[in-house]
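**Student:** My questions will all concern the structure given below.
No lab work stands behind these numbers, since they all come straight from the coordinates. Worth saying up front: this structure is predicted, and the values here are computed from it rather than measured. Every residue, glycine among them, receives a Cβ derived from its backbone with ideal geometry; neighbour counts consider all protein chains shown.
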Ligand SMILES: [Fe+2]
């Protein structure tokens, strides 16, 4: 099925939405005005065996992150503390960069004072289970590299190559033009920082992470992001939602969603546990790595 949908431009980033119209069958969605593709969903195209990668990959999806910005929603004390309930130190007050009191729910990042009086050096977002494996381009004083845990677990990391290669093949078969644009950049990247025989450098893995409205940053602009889910428990909901189009995709293990990550997206409310999402993409500045 093909849908041409009008964009509602009033959707802001950093907020939670539930999209009303959800689909779980093959669908291509385009913007009605520009004709640009927003998403393409393919049901049941990745065989079970591809999800048999090492459990280390699943463990990476449970790493706690306080750097997900808008995707983690507006920052609150409870949001900073979540998943860290048993820790001895915990935030007691949000602060602006200049050290003044900041109200909860105002922005997606804040400094904070903890119960021992210590003030965080960097601005933080709500705590979520999310991390990136594979390559990362130059940022915040760090050189191009394989991410910290990837480098220390190369053999376990390599078990994710078959599903990456399968997804890249599917991406090429559905969107050869986008794939080839992306490949031009991929082929200039240092070999040690990319996933071989694919079109990707990196995989962001999330666990039970209901994202607020956000746009992805740092990925190759002319490409499409490839997305699948591994079932690690019992859950329902959590559909990937495009609030400006009020459409959500109920993606399950075996399914592939290709979408424009620069369109605002989020997740519907998730019930239960064990939804591990995997986002395959190429870091935009990786081709500049020497
Ligand atoms: Fe995203």
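**Student:** Relative to the first principal axis of the alpha-carbon coordinates of the chain, what is the inclination of helix 176-186, with its axis defined by its Cα atoms, in degrees from 0 to 90 and to the nearest 10?
**Tutor:** Computed tilt is about 60 degrees.
**Student:** When a/c reaches 1.5 or more, the comparison of a/b and b/c decides; with that in mind, is the range 74-114 rounded, prolate or oblate per its Cα gyration tensor? Spell out each step's value before the answer.
**Tutor:** Working: a/c = 2.86, a/b = 1.55, b/c = 1.84.
Oblate, since a/c reaches 1.5 and b/c is not below a/b.
**Student:** To test your reading of the geometry: what angle, between 0 and 90 degrees and rounded to tens, separates the Cα axis of helix 161-174 from the longest principal axis of the chain?
**Tutor:** 60 degrees
**Student:** Something else about it: Kindly provide the helix-only [θ] at 222 nm of the chain, computed as the sum of -39,500 (n - 2.57) over DSSP H runs of four or more divided by all residues, to the nearest 500 deg cm²/dmol? Walk me through the intermediate numbers first.
**Tutor:** Working: 6 runs with 46 residues, N = 290.
It lands at -4000 deg cm²/dmol.
**Student:** Also, quick follow-up: Kirkwood Rh and Cα-based Rg: tell me the resulting Rg over Rh for the chain, rounded to two decimals. Each step should come with its number before you reach the end.
**Tutor:** Working: Rg = 19.0 Å, Rh = 19.7 Å.
Expressed as Rg/Rh, it is 0.96.
**Student:** Determine the relative contact order of the range 106-155: mean sequence separation of Cα pairs under 8 Å and six or more apart, normalised by residue count, in whole percent. Could you put the intermediate results ahead of the total?
**Tutor:** Values: 42 pairs, mean separation 11.4, N = 50.
Averaging sequence separation for qualifying contacts and normalising by length gives 23 percent for the range 106-155.
**Student:** Still on this model: Using per-residue counts of other Cβ atoms within 10 Å, averaged over each peptide, order 225-231, 176-182 from highest down.
**Tutor:** Working: 225-231: 21.9, 176-182: 16.0.
My ranking of the peptides, most packed first, is 225-231, 176-182.
**Student:** Using the alpha carbon gyration tensor of the range 169-226, what are the three equivalent-ellipsoid semi-axes (square root of 5 times each eigenvalue), largest first, in whole Å? Before the final figure, lay out the partial values.
**Tutor:** Details: eigenvalues 95, 42, 27 Å².
Semi-axis lengths for the range 169-226 are 22, 15, 12 Å.
**Student:** Expressed as a rounded percentage, what relative contact order does the chain have, with Cα pairs under 8 Å and six or more residues apart? Can you show the working numbers first?
**Tutor:** Values: 700 pairs, mean separation 74.4, N = 290.
Averaging sequence separation for qualifying contacts and normalising by length gives 26 percent for the chain.
**Student:** Could the peptides 44-52, 56-64 be put in order, highest first, of the mean number of other beta-carbon atoms found within 10 Å of their residues? Walk me through the intermediate numbers first.
**Tutor:** Details: 44-52: 13.6, 56-64: 18.1.
Peptide ranking by packing, descending: 56-64, 44-52.
**Student:** Normalised by the number of residues in the range 74-114, what is the relative contact order in percent for Cα pairs under 8 Å and 6+ residues apart? Can you show the working numbers first?
**Tutor:** Details: 58 pairs, mean separation 19.5, N = 41.
Here the relative contact order equals 48 percent.
**Student:** Additional query: Quick check: pseudo-label points 7 Å beyond the Cα along Cα→Cβ at residue 172 and residue 158, how many nm apart are they?
**Tutor:** In this crude label model, residue 172 to residue 158 measures out at 2.1 nm.
**Student:** Mean-square fluctuation check for the chain, GNM, Cα pairs under 10 Å: which of 76, 25, 198 is largest?
**Tutor:** 25
**Student:** Cα centroids of the range 154-194 and the range 17-48: how far apart, whole angstrom?
**Tutor:** Between the Cα centre of the range 154-194 and that of the range 17-48, the gap is 21 Å.
**Student:** Please report, largest first and rounded to whole Å, the three semi-axes of the ellipsoid equivalent to the range 53-123, where each semi-axis is the square root of five times an eigenvalue of the C-alpha gyration tensor. It would help to have the intermediate numbers written out before the result.
**Tutor:** Values: eigenvalues 127, 42, 20 Å².
Rounded to whole Å, the semi-axes are 25, 14, 10.
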